[in-house]
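The values are calculated or read from the model by the stated rules, or taken from the named source; none is laboratory data. Just so you know, these numbers come straight off a predicted model, no measurement behind them. Cβ: placed from backbone, ideal geometry, glycine included. Neighbour counts: every protein chain shown.
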Amino acid sequence: MNRILIFLSLCLSIGPFTVSAEKPNILFIMVDDLGYRDLSIYGSPDIQTPRIDQLMKEGMRFTKFTANSCVCSPSRAAFLTGRNQDLVGVPGVVRTPDSGNWGFLDPEATTIADVFKKNGYRTSLIGKWHLGLKSPNTPNERGFEVFHGFLGDMMDDYWEHTRHGNEYMYKNNERVVTKGTHATDLFSDWAIADIKQAKDDSRPFFQFLSYNAPHDPIHPPKDYYERFKKRNPKATETRALLGGLIEHMDYSIGRVLDSLEKLGLAKNTLIVFTSDNGGKLRFGADNGELRADKTNMYEGGLRVCTSVTWPDQIKQGTISTFEAMTMDFMPSLIAASQIDYSGYMDGKSFLTELLHGNQPEYKNRKKFYTWLQRYKKHALRMGDWKLVKNTQNSKYELFNLKSDPFEKKDLSKEFPEKFSELHKAMTSYLSKANKVNWKRPSQK
């Protein structure tokens, strides 16, 4: 019996829920720039998301889950590697022109797809990649047997599927022409087709379903926009467009969930739903009372709607305050799949929380959040304390999120010893992180 199985038998055998002997299929759904209060289950007063709501009700929903970064590529790199994004070469956004590129995924880094593929899983990425445009950083080279999606970052149009004039839709290594169909519909169609193919494979599957929605530009199908506007006549144009885009995304995710049910795969499929960062207010997002939004190191940029559903393993209707982050998915999913993996990860498994709902927080854990673009914004969370440097010229701020969850009062002068402790830890991390190369070869 390998080390993972020994761990599970010792730590997870108590209580009514235990890990199934059969390896689960895994459907990992990541959406893009979703506001923390932009699902009805998270309190949205106007957006209706019945399919995502139902998915979350059937599993465990998290209220304090955070992304590794306040922007796309770094959080995706953290998910794929289980590492702090800086340490695998993606402190900022991967973009087409060298002048605007701030990341190059370390070719030596092991990805979650590498691990699952090596351990008998069929691996696929459907949708947005955003971690490299050329070898060695294309999806098929980073562990995904199947890639059907968008190689670049944001789309300039949800029906044209181009970026800076480049056509970035691919099936594996071949460019495909897709003009005329909404990207969310395409990705859902491709996800369903991939699941149907997986059903005929003897291996369990790991599908990373990565939507561009609801990232700008905010291009909902006309009927979804009109339906939202009719139901919410006082909504601003900006809010109505975003509401339509999110409700269309919800419907599309429902189609994928229905396919699992129809194919008889739902019972043994573990489903994750999360976002890569918080919503952008100027595009109509609602982050509730959380401070700020995407591109900021305050909670509005980092807190994300997240759930994990696994029939007969995770208790339905559970709401968790466990404070996990994006890079924790890799060790958690590896453990859930009973894979023996000895590679180093900065992320920490929260499988015990998923199965039993009683996992204590990791004592003295340091959680680093960063984003590089000309200068590096950064934050550190240790217990209830959070250190923030959100602009190039601003001083550091210190908050206690237990007593001040909306980050209104800077306590750096009132608690100098705590401030010094976190500042020292942050400085030490940055010293290490800033030595890691993030430039692709053409930038040198």
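Just give me the residues in segment 387-404 being crowded, with 17+ Cβ neighbours inside 10 Å and free of Cβ contacts under 8 Å to residues at least 24 places away in the same chain, in sequence order.
Once the filter is applied, which keeps residues that are crowded, with 17+ Cβ neighbours inside 10 Å and free of Cβ contacts under 8 Å to residues at least 24 places away in the same chain, segment 387-404 yields E397, F399, N400.
Out of (1) over 24 Å from E58 (Cβ atoms); (2) assigned to a loop (DSSP other than H, G, I, E, B), what's the single condition that is false for P214?
Failed condition: (1).
Out of curiosity, is A240 surrounded by 23 or more Cβ atoms within 10 Å (Cβ to Cβ), of a type in the set (A, V, I, L, M), touching a strand residue (DSSP E or B) at 6+ places or on another chain (Cβ under 7 Å) and in the same structural domain as M169 (by TED's automatic domain parsing)?
Values: surrounded by 23 or more Cβ atoms within 10 Å (Cβ to Cβ): yes; of a type in the set (A, V, I, L, M): yes; touching a strand residue (DSSP E or B) at 6+ places or on another chain (Cβ under 7 Å): no; in the same structural domain as M169 (by TED's automatic domain parsing): yes.
No, not satisfied.
Taking the stated definitions as given, is D86 touching a residue at least 12 places away in the same chain (Cβ under 8 Å), in the same structural domain as M325 (by TED's automatic domain parsing) and under 17 Å from T370 (Cβ atoms)? Steps first, answer last, please.
On the way: touching a residue at least 12 places away in the same chain (Cβ under 8 Å): yes; in the same structural domain as M325 (by TED's automatic domain parsing): yes; under 17 Å from T370 (Cβ atoms): yes.
Taking the combined requirement at face value, the residue satisfies it.
Which residues, counting only those in segment 347-359, are touching a residue at least 40 places away in the same chain (Cβ under 8 Å) and under 16 Å from the mean Cα position of the chain (by Cα)?
G347
Quick one: which of S337, S420, S412 is touching a residue at least 24 places away in the same chain (Cβ under 8 Å) and either more than 17 Å from T66 (Cα to Cα) or touching a strand residue (DSSP E or B) at 6+ places or on another chain (Cβ under 8 Å) (or both)?
So the residue among S337, S420, S412 that is touching a residue at least 24 places away in the same chain (Cβ under 8 Å) and either more than 17 Å from T66 (Cα to Cα) or touching a strand residue (DSSP E or B) at 6+ places or on another chain (Cβ under 8 Å) (or both) is S337.
Which members of segment 210-224 meet the condition of being over 21 Å from K294 (Cβ atoms) and either surrounded by 24 or more Cβ atoms within 10 Å (Cβ to Cβ) or touching a residue at least 24 places away in the same chain (Cβ under 8 Å) (or both)? Walk me through how you get there before you give the answer.
Start the filter on segment 210-224 by keeping residues that are over 21 Å from K294 (Cβ atoms), which leaves 221-224.
Scanning segment 210-224 gives P221, Y224.
Where residues in segment 186-219 are small (G, A, S) and closer than 23 Å to Y121 by Cβ, which of them is nearest to the chain's Cα centre (by Cα)? Outline the logic, then answer.
At the first step, the residues of segment 186-219 found to be small (G, A, S) are 188, 191, 193, 198, 202, 210, 213.
Still in the running and closer than 23 Å to Y121 by Cβ: 188, 191, 193, 198, 202, 210.
Working: S188: 17, A191: 17, A193: 23, A198: 23, S202: 28, S210: 9 Å.
So, considering only residues that are small (G, A, S) and closer than 23 Å to Y121 by Cβ, the one nearest to the chain's Cα centre (by Cα) is S210.
Might you let me know whether segment 63-85 holds any residue that is at pLDDT 95 or above, surrounded by fewer than 24 Cβ atoms within 10 Å (Cβ to Cβ), of a type outside the set (F, W, Y) and not in a loop (DSSP other than H, G, I, E, B)?
Checked segment 63-85: no residue is at pLDDT 95 or above, surrounded by fewer than 24 Cβ atoms within 10 Å (Cβ to Cβ), of a type outside the set (F, W, Y) and not in a loop (DSSP other than H, G, I, E, B).
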